[in-house]
Each structure stands twice: as structure tokens, then as C-alpha cells.
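The values are calculated or read from the model by the stated rules, or taken from the named source; none is laboratory data. None of these values were measured; they are calculated from a predicted model. No Cβ is skipped: glycine too gets one built from the backbone with ideal geometry, and neighbour counts run over all protein chains shown. Ligands, DNA and RNA are stripped out before the accessible areas are found, and what is left, the full protein with its side chains, is counted by its heavy atoms. Shrake-Rupley method; radii C 1.70, N 1.55, O 1.52, S 1.80 Å.
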Amino acid sequence: PDVFHRARTLFLEVTRGRWRLAVADTHGADASGNDFRAVDEHTGAGHALDELSGGTRVQLLLAVRLAFVEALEGDGPRLPLLLDETLATSDDARAAAIVDAVAALAARGRQVFYFTAQQDEVRRWRATLAERGVPHAVHDLAA
């Protein structure tokens, strides 16, 4: 389906080409019946969702959820994305890849709200958005 193809494209984007989403044929499902696999492009090995690191799992779920949102929107208005501490379980490389991918979505007109209490994340988002020329604002909700 279109959602799967879009999720595969987004997953490649948010992982900077390291991982791709694959679906097994009926004979390739794992013991739990899981047809979906994340394939490591460096090794060629396929992994079930529960075999992925926390950061890669976040990247995959972000790609799939965004693909569903885009499919539901169709030609209608683009809904804003609400992300809450999305980088919390990601190492620096994965966090950078997620920020880059979300910044690219924002540059194409998608409104994004990112909630965090981590000042290092705020600095990362500000730097990336400024580098890409994406209009943005930071609001301190505690103030």
C-alpha cells in the first residue's frame, strides 16, 4: 500500500539511508507472525521491531506514523506534528538524523511542535532550523 511505500521512504530519510523498512512474503514472517522488518543496509540483516535499539525504534515509529498521517490528510490541510521528547532515547547520531528529517518536513511547510525540558535538545533544534532557514520560535512554558 501507499502508506508502506511512504513509510519506507521516510524511514530511509530519518536514518540517513542506514535502515529500510521491508515486508516479508507469507513465508518470511517471523515466529510471531511479524511481516515487517527493519533491514540494516550495511549488513543486510532484517530485524523485528523488538530487536531494534530504542533510537532506531523511535525512527521507525516516527516514519510509520507520519506516513499514516499523510495518507489520512490526502489533499486536505496538513496537520501539525506534536512531538514530545522524541529524542530522549536516541544517541547523538540518531537524534541528529531525526532532527534533520523533521526539519526537512518543516521546510516543506509542515508545522511542528516539539516539547522538551532538555536545553541541549533546544540548542540542537535551533541550530538545525536556523541552518536550513526554517522559520521557528521557542516558547518557555515554565515562564
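A few points about this structure:
- Here the condition is being out of contact with any His (no Cβ under 9 Å at 6 or more places or on another chain), on the phi > 0 side of the Ramachandran plot and not acidic (Asp, Glu); of GLY74, GLY55, it holds for GLY74 alone.
- Criterion: over 20 Å from ARG16 (Cβ atoms) and touching a residue at least 60 places away in the same chain (Cβ under 8 Å) - qualifying residue of ALA104, ALA48, ALA71: ALA71
- Restricted to segment 83-101, and to residues there that are assigned to a helix (DSSP H, G or I) and in contact (Cβ under 8 Å) with a residue 24 or more places away in the chain, the residue that is most open to solvent (accessible area, probe 1.4 Å) is ARG94.
- If the condition is being outside any helix (DSSP H, G or I) and either aliphatic (A, V, I, L, M) or exposed (fewer than 14 other Cβ atoms within 10 Å of the Cβ) (or both), then segment 102-128 contributes ARG108, GLY109, GLN111, VAL112, PHE113, PHE115, ALA117, GLN118.
- The set of residues from segment 39-73 being outside any loop (DSSP other than H, G, I, E, B), aliphatic (A, V, I, L, M) and open to solvent by less than 50 Å² (accessible area, probe 1.4 Å) comprises VAL39, VAL58, LEU60, LEU62, ALA63, VAL64, LEU66, ALA67, VAL69.
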